[in-house]
Each structure stands twice: as structure tokens, then as C-alpha cells.
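Reading through the C-alpha cells given below for one structure.
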Amino acid sequence: MWLFAAYLSYTSFDTGRRELEQTLLAAAKTQMGAIEREIAGKESALTALATSPSLDRRDFAAFRVQAEQVARQAGAVNIVLLGMNGEQVVNSLRPIGQPLPTEPPPFFAKVMESHRLVVSDLFIGPVTHQPLVSLAIPVMRDGRVIHVLCLSLDATHLAPFVHGDTPSISWVGALMDSTDTIVARRREPEKYVGQKGAAEVLTAIHAQPSGVFESTSLEGTKILAAFSRSPLCGWTLVVAVPRAVLEAKPRRALLLSLAGGTGLFLFTALSAWLLWRSFVSSERARERSRLLLQHASDGVHILDTTGMIIEASDSFCHMLGYGHDEVIGMDVGQWEARMIPDEWGAIIARQLQGGEAITFETRHRRKNGSVFDAEVSCQRLKLDNHQVLYCASRDITERKRAEATLKSANRELEQFAYIASHDLREPLRMISSYIALLGRRYGEVLNEEARDFLGFATEGAKRMDRMVLDLLEFSRVGRMSDPFAPVPLEEIVATAIANLKVAIDENAAEITVAADLPTVTGSHGELVRLLQNLIGNALKYRDPNRSPVVTISARRDERAWVVAVDDNGIGIAPDYFERIFDIFQRLHTRDKYEGTGIGLAVCRRIVEYHGGRIWVESNPGIGSTFLFTLPDGGATPDHGA
Ligand code: ADP
């Protein structure tokens, strides 16, 4: 990261430096060019002045006026006409007649020698006492030099050319004459104009006519500089920027890169940590799920939306006889043996659309082709943000076998009960008839005791007949019932009440039926018998000290209706809550309450036949509430024992 930052700052430094060098060099050349143009402009003005006829006439007064005019227009300090010995003949600043310097200026000999423009080095004007530079040309007549004409410029005149269009105040620049004296300087000219340039700078600029170098300025500042020397005047223009400027950019880049890099590093580290943590936690979660799956007793398999297994428990693999790897990617159609693809496709679609968890029975096919009964529960789940189906298959072969055995046992029992009750009644009737015959024929010869015995035998036969009849009724539940159909419970209750009208009237009972009884699915006749038994018992087991009050109501449970028959009778001790539903189980002697103890057994059989259950809640001396459930849609007639 930091290496990258360093690389960034290095490349930024490198590119920045190259760009800056080019800019500096271009600026140096441009500005030097501007100076040369300025000089050329002044030369033109001088050349024009040199042709003045007043010189031919040696009318120096007139020439001075002209020179003064040209000097003003050129922004020059003055224009001086030198004689053949270098003495001043005319100085535009001085009226004619005033004494003028006679010493020839340093460039005089050069002009006389070269016969062309000479740009002086910086010198202190003998009249102005200012640092000046002069442009000097020979005044030629007939191929001979008759004068030297020079135009002097204040060194500050050239300062704007040093400044040029430099883009930043951090830029510095200096114009140096051929003796390396500073003619103009951007920063502190008053301090440095007239001084020699820094030695280090001079070494650099003497190497070639233009170029770039690193050095130290007169102020001691590290600089990056470019220079350009004019072949016309031998002057050199140097433009420079403190090296700090150059470093600032990459430093900023470095800082930015470092900050960015550090940020990036922290971000990456944080992301990595989060990733690692989520990996670890998701690994843990996966491990947990794997453990759960491995130890699930049911055959858990997770399907994707297309019905393909994405995970399965060991028990599921074992159940089907496949290896774990084989099972992954398998399609429902490969093990489903009862449903066609459209059917299980519909189940998956319904579940994914948010259907309630479902449980259904089907058949699965093992790898070896054998088929077995299975109960499957399916539920939609979100796993790693994906919709999946969580399914659990249970091998119900044993249960099915037990159910089948139970069913056949039930059938046999029903058969037995029916046959027994039917067939038993015949000899019973015989016993009763012959006892009656005995009584009629021999009643008069029998003593009191023998007649009592006959009475007991008749009574026993009658009771036995009742019990056989009850048994017959019990065995008929489910076998001879009406088919299941939706029936309004209100109608059932009304029929039961109508059947019990005599008992209700005799007991002056108050029967309350809730207004909102539902319509249930079931066998009409059986349900009437169920309600009739319960309401009948409520009247029979009434408290002798109060009129019976019976309430029939229903409430909705999660998946079933719960019907309640509530009374204010004698109540039942909790010890007997279970026993009273068994066949021929009674809590009272016959002399107290009539009955055989089959009523509640029949009730339980009817309720279970409808797929529900029955129970009692009671407080002895206060009353009882018999409750039973009727599931929605009724139940398969296979239930019950
Ligand atoms: P039976 O009424 O012929 O005795 P049941 O099976 O109908 O047979 O009732 C079994 C026993 O449950 C009854 O003997 C009675 O003791 C008790 N029992 C039934 N219903 C009620 C009730 N509503 N209140 C009090 N006890 C009851």
C-alpha cells in the first residue's frame, strides 16, 4: 500500500518536475525573446535617429531635441551621441552647452570595432548615477563611423520582461548581463541589481545557451531554474521556482496517497476482518447447520426453487441409499414415487409464494428402486438471502403397517361386536322368554323366594340385553354412519334437544344454545348422537338441589372448532376424568343413576371418528364441561380404536 503511495508520489514528482522544467524553459526563452524584441525596437528607433540630417549639419541642438523625443517615446533614460573618442557630444538630458562626460563608455570600443549594435552590460550612468544598460549603434556616413549613438535604459525598464507572464508569485527570475551582473530581478531588485549572480547559478548557465538546472539562489533558496541566453546581447534570463514548490505537489500527492493508502489499508483491513468474521460466523453457522442436519432424525433436505437439493442430512441420504455427494443436485423427481412432476411442482410453487407449512404423505423411491411410504413436511425458508424449501421426510413404513394392523383389528372388533351383540341377543331372548314362561306357568306353585329369584334373573337378562344393545350401538359408529358432509351445528343441537324434549321438560332444564355455532363437517347422525349423549348426561347427572342449566357453545381453535357442553350438575372428581370415557365404566350404582356406562365411550368413538378428541373439565358439586374438537374438513374414517 505504502509502496504504492511512494510510487504514486514518485511518479507525481517525476511527472511534475518534467512539466515544470518545460514550463520554466519555455518561459525563459519567451521572456528572453521579448527582451530581444524590445532591444530590436529600440535599435530601430536609434537607427532612425541616426539618419537624422541634423547630424550631417552638425546641428546638435536640433539633434538633441529629436533625441529627447525618441528617448521619451522609447521610455529610455536618455540618448547620448558620442564623438569619435567616446566623449559625449549630445546628451538628451542635458541642454546644449552644459559640460558632458568625456570618458568613453565601456561598450564604445566594441561598437567602433563591430560596427553594429552593441548592448552594454549594466553600468552606473555617469549623469543619472543609476544602473543603466545602453544600446549603442554606430552612426555611419559614407561607410565610416562618424558617431556612436546610444540609448540608455534604466535597468528597471527591463524588470517587466523578467516577470513576464510567470504564473505564480513563487516564481523568481533575473536578467544578467554578459558579465553575470544582475540587470533586473523579480524579487528585491533594489538589493540584488548590480550584484553578480550566485556562483552556482553562473556555473550552470555558462555550460550552454539554454537549459535547466538545480541550484541555490542568492537568498540561499533551493531552486529549479531554466535559463536562456541571447546571442544578440549575451544576456541571460533565468527563471526559477523554489524546489519546495516542486516537492509540494508530490508531497501533497504522497500525503494524499499515504492518507488514501492508509485509509484504503484500514478499509481493506476492516473489510478483511469483517469478511473473516462473517466467514467464521457463517462457517460456524454452516457447521451448526451441518451438525443439525447430520443429527436430524428426519430426512432433512433443502431444495432450491427448481426443486434441486442443495443440502441434505445424513439421515435423508441414508433413507434413500445415496451418498451425500450423490444427493446434492438431485431433483425431486428422482426420489418421488407417487406424485407426478406437476404435483410436486405445484407444492414447491405454493410454498415459495408464501403458503403455510404443509405436511403430506407420499412415497419415496430408494436408489435400489424399492419404494416406501413417507411423510413430508415442507416449509419456505430464507437461507443466505435465497428462498429455499426446507423439507423433512420421515419413513412411515412402520406407522403405516401399525395403522393397517390397527385398522384390521378394528374391523375385526367391530365385526366381533356386531356379531356378538346380534348373536348374543338370540340366546338372551331365549333366556328371558323361558324365565317369563316359568313365571307364568309355575308362578303360583313357587314360593316368595323363588319368585324373587325369577325376578332377578329377568332383570339380569334385561340388563344384559341393554348392554348388548349398547355394544351394538358402539360397534356401529363409523360402520353405519351417514357420509361426511357440512352440517350446521345449530341444526345438530336442535335435533338432539328435540330428541330429549321429555327429559328436558321433566327436569325443568334451561338449555342455552350459543348463537354463533359453526357449520362443521361430519356425519349428521353421529353428531346428533354425540350431542344427545352429552346433553342427556347433563340432565341425568343433575344436582338434585337446582334446576339443570345446560349451555352449548363453540369457539375457534387454531385448526378446529371446540364445542363445549357445560352443566351445573354434580360434577366429576378429577381422578375419573379419563376413566369415564372407557366402555362400561360408571361412577354410580344403578339404583342411583340408570345406565350402562357406554354413553361417553360412544361419544369418544364418534369424536375420534371425526378426527377430534374429547375431554372433561369439572368441579365436583359445581358442574362439568365436556369439550370436543371437530377439525376443519372432518377426518379420515380410519381413526379411532
Ligand atoms: P352412563 O351415563 O350410562 O353411566 P356414561 O358413559 O354416559 O355412562 O357416563 C359415564 C359416567 O360418567 C357416568 O356414570 C357418570 O358418573 C359420569 N358422568 C357422565 N356425564 C356426567 C355429567 N354431565 N356430570 C357428572 N357426571 C357425569
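The values are calculated or read from the model by the stated rules, or taken from the named source; none is laboratory data. As the structure is a prediction and not an experimental result, all values here were calculated from the model. Note: ideal-geometry Cβ built from the backbone for every residue, glycine included; neighbour counts use all protein chains shown. What goes into the accessible areas is simple: the full protein's heavy atoms, side chains included, and nothing from ligands, DNA or RNA. Shrake-Rupley method; radii C 1.70, N 1.55, O 1.52, S 1.80 Å.
Give me a count of the residues in the range 505-525 that are in contact with a strand residue (DSSP E or B) (Cβ under 7 Å, 6 or more places away or on another chain) and either within 26 Å of Pro548 (Cα to Cα) or in a helix (DSSP H, G or I) (or both). Steps first, answer last, please.
The initial filter retains those residues of the range 505-525 that are in contact with a strand residue (DSSP E or B) (Cβ under 7 Å, 6 or more places away or on another chain), namely 509-514, 517-522, 524.
From the residues that got through so far, the ones that are either within 26 Å of Pro548 (Cα to Cα) or in a helix (DSSP H, G or I) (or both) too are 509-514, 517-518, 524.
Number of matching residues: 9.
Six or more apart or on different chains, Cβ atoms under 6 Å: show the pairs whose first residue is in the range 22-50 and polar (S, T, N, Q) and whose second is not in a helix (DSSP H, G or I).
Once the first residue is polar (S, T, N, Q) and sits in the range 22-50, its partners that are not in a helix (DSSP H, G or I) give Gln31/Gly164; Gln31/Leu237.
Keeping to the range 120-156, report how many residues are open to solvent by 10 Å² or more (accessible area, probe 1.4 Å) and either under 20 Å from Thr236 (Cα atoms) or part of a loop (DSSP other than H, G, I, E, B) (or both).
14
Which residues, taken from the range 579-613, are more than 12 Å from the ligand (Cβ to nearest atom) and part of a helix (DSSP H, G or I)? Working first, answer last.
Initial filter on the range 579-613 (more than 12 Å from the ligand (Cβ to nearest atom)): 591, 606-613.
Ile606, Val607, Glu608, Tyr609, listed by residue number.
With the condition kept exactly as written, say whether any residue in the range 616-632 is under 60 Å from the mean Cα position of the chain (by Cα), of a type in the set (D, E, K, R) and open to solvent by 20 Å² or more (accessible area, probe 1.4 Å). If you could, list the steps in order and put the result at the bottom.
Step one: list which residues in the range 616-632 are under 60 Å from the mean Cα position of the chain (by Cα), which gives 616-619, 624-632.
Now drop any that are not of a type in the set (D, E, K, R), which leaves 617, 632.
Filter once more, keeping what is open to solvent by 20 Å² or more (accessible area, probe 1.4 Å): 617, 632.
Checking the range 616-632: at least one residue is under 60 Å from the mean Cα position of the chain (by Cα), of a type in the set (D, E, K, R) and open to solvent by 20 Å² or more (accessible area, probe 1.4 Å).
Of the conditions (1) farther than 30 Å from Arg187 by Cβ; (2) open to solvent by 20 Å² or more (accessible area, probe 1.4 Å), Pro105 clears all except one; give me its number.
Going through (1) farther than 30 Å from Arg187 by Cβ; (2) open to solvent by 20 Å² or more (accessible area, probe 1.4 Å) one by one, Pro105 breaks only (1).
I'd like to know if the range 550-557 contains one or more residues that are outside any strand (DSSP E or B), within 16 Å of the ligand (Cβ to nearest atom) and either under 21 Å from Gly522 (Cβ atoms) or in the same structural domain as Leu534 (by TED's automatic domain parsing) (or both).
First, the residues of the range 550-557 that are outside any strand (DSSP E or B): 557.
Okay, now just the ones that are also within 16 Å of the ligand (Cβ to nearest atom), so none.
Checking the range 550-557: not a single residue is outside any strand (DSSP E or B), within 16 Å of the ligand (Cβ to nearest atom) and either under 21 Å from Gly522 (Cβ atoms) or in the same structural domain as Leu534 (by TED's automatic domain parsing) (or both).
Find all pairs meeting these conditions: Cβ atoms under 7 angstrom apart; at least six residues apart or on different chains; first residue within the range 556-575 and at positive phi; second residue not acidic (Asp, Glu).
These pairs meet every condition: Gly571/Ser618; Gly571/Asn619; Gly571/Pro620; Gly571/Gly621; Gly571/Ile622; Gly571/Gly623; Gly571/Ser624.
Residue check: is Ala538 modelled with pLDDT of 95 or more, near the ligand (Cβ under 9 Å from one of its atoms) and either outside any helix (DSSP H, G or I) or crowded, with 19+ Cβ neighbours inside 10 Å (or both)? Walk me through it before giving the result.
On the way: modelled with pLDDT of 95 or more: yes; near the ligand (Cβ under 9 Å from one of its atoms): yes; either outside any helix (DSSP H, G or I) or crowded, with 19+ Cβ neighbours inside 10 Å (or both): yes.
So Ala538 passes the test.
Any idea how many residues of the range 566-577 are within 26 Å of Ile511 (Cα to Cα) and more than 8 Å from the ligand (Cβ to nearest atom)? Quick ask: steps written out before the conclusion?
The initial filter retains those residues of the range 566-577 that are within 26 Å of Ile511 (Cα to Cα), namely 566-574, 576-577.
Now restrict to residues that are more than 8 Å from the ligand (Cβ to nearest atom): 566, 568, 573-574, 577.
Qualifying residue count for the region: 5.
For the range 309-325, which positions are touching a helix residue (DSSP H, G or I) at 6+ places or on another chain (Cβ under 8 Å) and surrounded by fewer than 19 Cβ atoms within 10 Å (Cβ to Cβ)?
Scanning the range 309-325 gives Asp314, Gly323, His324.
Does the range 624-637 include one or more residues that are under 20 Å from Ile504 (Cα atoms), assigned to a loop (DSSP other than H, G, I, E, B), in the same structural domain as Thr512 (by TED's automatic domain parsing) and within 11 Å of the ligand (Cβ to nearest atom)?
We begin by selecting, within the range 624-637, every residue under 20 Å from Ile504 (Cα atoms); these are 624-626.
Among the residues that remain, those that are also assigned to a loop (DSSP other than H, G, I, E, B) are: none.
The answer is no; no qualifying residue exists.
Given the residues Ser271, Ser217, Ser230, which is the only one that is open to solvent by less than 70 Å² (accessible area, probe 1.4 Å), modelled with pLDDT under 55 and of a type in the set (Ser, Thr, Tyr)? Walk me through how you get there before you give the answer.
Numbers: Ser217 fails: modelled with pLDDT under 55; Ser230 fails: modelled with pLDDT under 55.
Only one candidate passes the filter, namely Ser271.
Here's a check for you: in the range 509-535, which residue that is among the polar types (S, T, N, Q) and either more than 16 Å from Gly597 (Cα to Cα) or without any contact (Cβ under 8 Å) to a residue 24 or more places away in the chain (or both) is nearest to the ligand (Cβ to nearest atom)? Talk me through it step by step, then tell me what you get.
Within the range 509-535, the subset among the polar types (S, T, N, Q) is 512, 519, 521, 523, 532-533.
Still in the list and also either more than 16 Å from Gly597 (Cα to Cα) or without any contact (Cβ under 8 Å) to a residue 24 or more places away in the chain (or both): 512, 519, 521, 523.
Working: Thr512: 15, Thr519: 26, Thr521: 25, Ser523: 20 Å.
Among those residues, the one meeting the criterion is Thr512.
Which number in (1) touching a His at 6+ places or on another chain (Cβ under 7 Å); (2) over 30 Å from Gly525 (Cα atoms) marks the one condition that Asp482 misses?
The one condition Asp482 does not meet is (2).
For the condition β-branched (Val, Ile, Thr), exposed (fewer than 15 other Cβ atoms within 10 Å of the Cβ) and part of a helix (DSSP H, G or I), what is the one hit in Val468, Val502, Val528? Break it down stepwise before answering.
Working: Val468 fails: exposed (fewer than 15 other Cβ atoms within 10 Å of the Cβ); Val528 fails: exposed (fewer than 15 other Cβ atoms within 10 Å of the Cβ).
Residue meeting the stated conditions: Val502.
Does the range 589-633 hold any residues that are of a type in the set (Phe, Trp, Tyr) and in contact with a Leu (Cβ under 8 Å, 6 or more places away or on another chain), and which are they?
Taking the range 589-633 and keeping what is of a type in the set (Phe, Trp, Tyr), we get 593, 609, 615, 626, 628.
Answer for the range 589-633, where residues must be of a type in the set (Phe, Trp, Tyr) and in contact with a Leu (Cβ under 8 Å, 6 or more places away or on another chain): Trp615, Phe626, Phe628.
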